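Here the structure comes first, spelled out in structure tokens, and everything after it is commentary.
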């Protein structure tokens, strides 16, 4: 485990992989592109970095020695915590979906292209940093008894229960709440969440949208995001921001 020389005011990236060669290649490339980079070879070293550094994003290998990447994600994934991008030789659709269901923001297949990884990191960070268009009018969306606090990145159900959202689910919900009553195509949602790298891995949108709708349904919001056949999806709710 070590920390590379750091540019000032850079996003903090933690690369967790037991392959020393790959770890060095990725971390050097990210450092050259302006990021502050930390590295770890397993979950124990990762925890040590997280205990002392406010990390913005973790590049996480799935097949780690000891606690594997999926178990790590299950343990640390949180809307207010670092974003997580998996990279793994396990490239089947089921593997990708499981990683996303556990709270990962993206999933990149090995062998890793540092250039593609850089694009994905930028897309995820841009999505996290982008303020909602109407945020100047307030920071809490109110809709159908739900409250979405955009500052705390926290969704409260009508019952008062806090509904945990992954960063991807949060971004999708913002997209709908910014345009209530407007049909949003799948491509529009992909562009909103992924930005310029929308074509990198849009399967993540399907998983995140399904998961978001399920979470809303559990708390009485089953009809809030409606499918418009052949066109996309629409938010059927009165929305206010205050």
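Only the coordinates and a few stated rules stand behind these numbers; no lab work does. Everything numeric in this text was worked out from a predicted model, so none of it was measured. Counting neighbours? That spans all protein chains shown, and the Cβs are built from the backbone with ideal geometry, glycine included.
With a ≥ b ≥ c the root eigenvalues of the C-alpha gyration tensor of the range 2-129, is it rounded (a/c under 1.5), prolate (a/b larger than b/c) or oblate?
Rounded is the answer for the range 2-129, as its axis ratio a/c remains below 1.5.
Could you sort 184-192, 81-89 so that the peptide with the highest average Cβ count within 10 Å comes first and the rest follow in order?
Working: 184-192: 17.4, 81-89: 21.7.
The peptides rank, most packed first, as 81-89, 184-192.
Figure the gain on full extension for residue 129 and residue 10 (residue separation times 0.36 nm, minus the Cα-Cα span) and round it to one decimal in nm.
Values: separation 119, 0.36 × 119 = 42.84 nm, distance 1.32 nm.
Full extension from residue 129 to residue 10 adds 41.5 nm.
Round to the nearest 0.05 the FRET efficiency obtained for residue 110 and residue 161 when R0 = 41 Å and r is the Cβ-Cβ distance.
Values: r = 39 Å, r/R0 = 0.94.
With R0 = 41 Å, the Cβ-Cβ based efficiency is 0.60.
Helix 20-32 versus the longest principal axis of the chain: what angle, 0 to 90°, nearest 10, using Cα atoms?
Relative to the chain, helix 20-32 is tipped by roughly 60 degrees.
How tilted is helix 203-218 with respect to the longest principal axis of the chain? Cα atoms for both, answer in degrees (0 to 90, nearest 10).
Tilt of helix 203-218: around 50 degrees.
Report, in deg cm²/dmol and to the nearest 500, the calculated mean residue ellipticity at 222 nm for the chain, where each DSSP H run with n ≥ 4 adds -39500 (n - 2.57) and the sum is divided by the residue count.
Result for the chain: -12000 deg cm²/dmol, rounded to the nearest 500.
In nm, to one decimal, how far is the modelled label at residue 149 from the one at residue 186, with both set 7 Å along Cα→Cβ?
Each label point lies 7 Å from its Cα, and together they span 3.6 nm.
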